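**Student:** Here it is, the structure, as structure tokens.
The values are calculated or read from the model by the stated rules, or taken from the named source; none is laboratory data. No experiment lies behind these values; they were computed from the predicted model shown. Heavy atoms of the whole protein, side chains included, go into the accessibility calculation; ligands, DNA and RNA do not. Shrake-Rupley method; radii C 1.70, N 1.55, O 1.52, S 1.80 Å.
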Amino acid sequence: MPTIQLNGESRHFDATVSTLSDLITALELGGKRIAIECNGEIVPRSQHASTPLSDGDALEIVVAVGGG
């Protein structure tokens, strides 16, 4: 069960969460405008499916909110 730092909080996920795409699905963020930083590096949306998660990774996820 991988443990990652997500927006400053330690979170545990089951073994099915192995990529950023899996994490997005698990957090129910699919279809939303988000930006993800993994270990200090911005990960382009095109690389979410191919970016593996490892125990101890530090992630920041920001959801864009519209308004006016």
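**Student:** Would you compute, from DSSP H runs of 4+ residues alone, the mean residue ellipticity of the chain at 222 nm, taking -39500 (n - 2.57) per run and dividing by the full residue count, rounded to the nearest 500?
**Tutor:** Result for the chain, helices only: -2500 deg cm²/dmol.
**Student:** Normalised radius of gyration for the range 4-63, please: alpha carbon Rg relative to 2.2 N^0.38 Å, two decimal places.
**Tutor:** 0.99
**Student:** Continuing with the same structure: Taking all protein chains as present, what is the carbon and sulfur share of the accessible area of the chain, in % to the nearest whole number, probe 1.4 Å?
**Tutor:** Carbon and sulfur atoms account for 50 percent of the accessible area of the chain.
**Student:** Let me ask another. Quick one: which residues, 5+ away or cross-chain, put their amide H under 5 Å from the amide H of Asp57? H built at 1.01 Å from N.
**Tutor:** Residues meeting the amide H criterion: Gln5.
**Student:** Which whole-number value in Å² is the accessible area per residue of the chain, probe 1.4 Å?
**Tutor:** Per-residue accessible area for the chain comes out at 65 Å².
**Student:** Moving on to the next point. Karplus couplings for the range 31-46 from phi (6.51 cos²θ - 1.76 cosθ + 1.60, θ = phi - 60°), rounded to Hz, Gly and Pro as x?
**Tutor:** Each residue of the range 31-46 in turn: x, 8, 7, 10, 10, 10, 10, 10, 6, x, 10, 5, 9, x, 3, 5 Hz.
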